[in-house]
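K.L.:
Let me begin by handing over the structure; questions about it come next.
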Amino acid sequence: MHRTRVLVTAPLPDDLMTSLREAFDLEVMPPAGAQDSTSVISSLATTEGVVLSEALQFTAELLDSCPKLRVISKVGVGYDNIDVAAATARNILVCNTPAVLSGAVADLTFALLLALTRRLRDNEAHVRTGAWKTASGPLGHDIRGKTMGIIGLGGIGRTVARTARGFDMSVIYYKRTRDLEAEGSGLAAFSGRDDLFRDADVVSVHCALTPETRQSIGEAEFALMKPSSCFINMSRGAVIDQAALVRALQTGRIAGAALDVTDPEPLDPADPLCSLPNVVLTPHVGSGTVETRRAMHELAVQNLFQAMSGKVPKAAVNPQVLQAR
Ligand code: 8YV
């Protein structure tokens, strides 16, 4: 009897793996190292569905080696490792996991921002090294009363805006299409792009990585920022010109940066970012809580089940594929 072949590239909890195994002929991609596109091409020839992590780049070329593929269900809200236009042209439905991770990413945004502005690392070292015996800890800066500038007001950006309001911050945002609801409800005021870089005390990036946003924040934008301002990136490392950011930090053009994402990932410990004192770094763990990852995994598996059985999944990136079918 023919069983539908599904490839899983993301490590999923046992119970979800069991439910997938009961329904499909499952192939699990080995963890990092073997996860390059070419090593799975032979299995992709018969694969009809994929539960996808960041492990594979679904380029048009790779999609061409997947003649039977119908559904790619991404674990994550960002789907920049999938050529969606090429998938749509081949009638392949792409799903993702929005909303369920917005809270966790927004929380880490503020954890990083406060770590930077309240000099958490310096103050911790002050205790651990005994420096406290002779001097009080270094002073930080308030975020209360300051202006948060959000680039990209999607689900995550809006949650960051709500959290910023809880910290008594003013919130301005830039997005290609204005969010009149956010403006009307008083959540965030629209700002021109240059004005945002000029006026914000904190610039926080939450836009998707697209051909338009790739390398879109660089020398010119950092030159607009206040010397006292901080830069945060929670989206994708490639949205910014990282060398320009390093220069802005080294020269004191901006005060500091907090980055959950870099280009490349993992970041080489010899990278200049790792030795700058005014930088806080985390290893792309914006959604990295037990609860949020569980919710993402459940949604990705649910999307796959629904899409494979011809139903409209909870979160489809290119739902027009379903209409075409
Ligand atoms: C990662 C993320 O995908 O949702 C996104 O777009 O960047 C993260 O949540 C995470 O590593 C899950 O694989």
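K.L.:
Relative contact order for the chain using alpha-carbon pairs under 8 Å, separation at least 6, rounded to a whole percent?
P.N.:
Over the chain, the number comes to 18 percent.
K.L.:
Dividing the Cα convex hull volume of the chain by residue count, how many Å³ per residue is that?
P.N.:
That works out to 154 Å³ per residue.
K.L.:
In addition: Would you pull out the residues with amide H under 5 Å of PHE190's amide H, same chain only if 5 or more places away, H placed 1.01 Å from N?
P.N.:
Excluding prolines and chain starts, which carry no amide H, the hits are TYR173.
K.L.:
Of all DSSP beta bridges in the chain, what percent run antiparallel (nearest 5)?
P.N.:
5 percent
K.L.:
Moving to a separate point now. Once every DSSP H run of n ≥ 4 in the chain is given -39500 (n - 2.57) and the sum is divided by its residues, what mean residue ellipticity at 222 nm do you get, rounded to the nearest 500 deg cm²/dmol?
P.N.:
Helix-only estimate at 222 nm: -10000 deg cm²/dmol.
K.L.:
A further question on this structure: Ranking request for peptides 216-223, 112-119: highest mean number of other beta-carbon atoms within 10 Å first, then the rest in descending order.
P.N.:
112-119, 216-223
K.L.:
Dipole size in debye (nearest 20) for the chain around its Cα centre, Lys and Arg Cβ +1, Asp and Glu Cβ -1?
P.N.:
Computed about the Cα centre, the dipole is about 560 debye.
K.L.:
5 Å is the cut-off here: which amide hydrogens, built 1.01 Å from N in the peptide plane, fall below it relative to VAL8, excluding neighbours closer than 5 in sequence?
P.N.:
Distant-sequence amide H within range of VAL8: GLU27, VAL28, MET29, VAL51.
K.L.:
Which net charge results for the neighbourhood of MET234, defined as the other residues with beta-carbon distances under 11 angstrom from its beta-carbon, given Lys and Arg at +1 and Asp and Glu at -1?
P.N.:
-1
K.L.:
Using the per-residue mean of other Cβ atoms lying within 10 Å as a proxy for protection, in what order, highest first, do the peptides 198-206, 73-81 fall?
P.N.:
198-206, 73-81
K.L.:
Which of the helices in the chain, when you take each full DSSP H run, stretch at least 18 Å along the axis at their Cα atoms and have an average Kyte-Doolittle score of 1.6 or higher?
P.N.:
Flagged H segments are 102-117.
K.L.:
Given the options LEU299, LEU26, LEU196, which has the most mean-square fluctuation in a GNM of the chain, springs set between C-alpha atoms less than 10 angstrom apart?
P.N.:
Its mean-square fluctuation being the largest, the pick is LEU26.
None of the figures in this text is laboratory data; all of them are computed from the coordinates on show. Predicted, not measured: the structure shown is a model, and the values here were computed from it. Glycine gets a Cβ as well: all are built from the backbone with ideal geometry, and neighbour counts include every protein chain shown.
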